[in-house]
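> Submitted below is the structure of interest, expressed as structure tokens.
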Amino acid sequence: MKNLKIEIKWAIIFMLATLIWMLIEKALGWHDEKIADHAVYTNVFAVVAISVYVFALVDKKRNFYRGQMSYKQGLIAGAIMTFFIVLLSPLTQYITSVWITPDYFPNVIDYTVESGEMSQTDAEAYFNLENYLLQATVGAAVMGLITSAVVAFFLKSKL
């Protein structure tokens, strides 16, 4: 576990950053009165997510690999961090949906139906905790591995 300390630390930081971002989205009204803006502005979180991966792999390179990290080592470290983020994703989504913004699903369902984007049945099937738990988990895995691959490429040492 000592070898995984950095990845676990940064996975927890990622979870906390996600929860803070959800609080910001809620405070800015993107989950209720300004829900029409949510789909666009929620993507700004990508900057935060990528930054966490950069800081994590820089930390791993400096403090575990003593400044010399290969692409493979960076990729593996990022993949391990992603594994822990994936494990935490259902909890993060649950906290978001149940405690931070419990009215999000009814609000987004109403918005998508009123705007004509979806039928009531389709909106209810898509915007619910069960589906979001799945999306959060799969999304964390896919985006985490892609981000790990890109960040590891830029942080690899020239050996």
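> Is it fair to say Trp10 is of a type in the set (A, V, I, L, M, F, W, C) and in contact with a His (Cβ under 7 Å, 6 or more places away or on another chain)?
Taking the combined requirement at face value, the residue does not satisfy it.
Residues checked against (1) more than 18 Å from Leu16 (Cβ to Cβ); (2) in contact with a Ser or Thr (Cβ under 9 Å, 6 or more places away or on another chain):
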| site | (1), (2) |
| --- | --- |
| Leu91 | no, no |
| Val98 | no, no |
| Asn107 | yes, yes |
| Tyr111 | yes, no |
| Asp122 | yes, yes |
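> Six or more apart or on different chains, Cβ under 9 Å: which pairs go from a residue in the stretch 126-139 that's of a type in the set (Phe, Trp, Tyr) to one that's outside any helix (DSSP H, G or I)? Could you list them?
Tyr126/Met118; Phe127/Met118
> For the stretch 95-151, give me the residue count where each residue is over 20 Å from Asp37 (Cβ atoms) and of a type in the set (Gly, Ala, Ser).
Number satisfying all stated conditions: 9.
> Looking only at residues that are surrounded by 14 or more Cβ atoms within 10 Å (Cβ to Cβ), over 18 Å from Leu145 (Cβ atoms) and in contact (Cβ under 8 Å) with a residue 24 or more places away in the chain in the stretch 35-47, which one is farthest from the chain's Cα centre (by Cα)?
Ile35
> Free of Cβ contacts under 8 Å to residues at least 60 places away in the same chain, touching an Asp or Glu at 6+ places or on another chain (Cβ under 9 Å), farther than 25 Å from His31 by Cβ and not hydrophobic (A, V, I, L, M, F, W, C) - does that describe any residue in the stretch 76-87?
Scanning the stretch 76-87 turns up no residue that is free of Cβ contacts under 8 Å to residues at least 60 places away in the same chain, touching an Asp or Glu at 6+ places or on another chain (Cβ under 9 Å), farther than 25 Å from His31 by Cβ and not hydrophobic (A, V, I, L, M, F, W, C).
> Still on this structure, please answer the following. From Thr112, Thr101, Thr92, Thr121, grab the single residue that is touching a residue at least 60 places away in the same chain (Cβ under 8 Å), out of contact with any Lys or Arg (no Cβ under 7 Å at 6 or more places or on another chain) and among the polar types (S, T, N, Q).
Thr92
> From Glu25, Glu7, which residue is touching a residue at least 12 places away in the same chain (Cβ under 8 Å), touching a Ser or Thr at 6+ places or on another chain (Cβ under 7 Å) and of a type in the set (Asp, Glu)?
Going through Glu25, Glu7 in turn, just one is touching a residue at least 12 places away in the same chain (Cβ under 8 Å), touching a Ser or Thr at 6+ places or on another chain (Cβ under 7 Å) and of a type in the set (Asp, Glu): Glu25.
> Restricting attention to the stretch 1-34, and to residues there that are of a type in the set (Asp, Glu) and under 20 Å from the mean Cα position of the chain (by Cα), which single residue is surrounded by the most Cβ atoms within 10 Å (Cβ to Cβ)?
Glu7
Throughout, read-outs are computed from the coordinates displayed, never taken from laboratory work. All of these numbers come straight from a predicted model, not from anything done at the bench. Cβ atoms come from the backbone with ideal geometry, glycine included; neighbour counts cover every protein chain shown.
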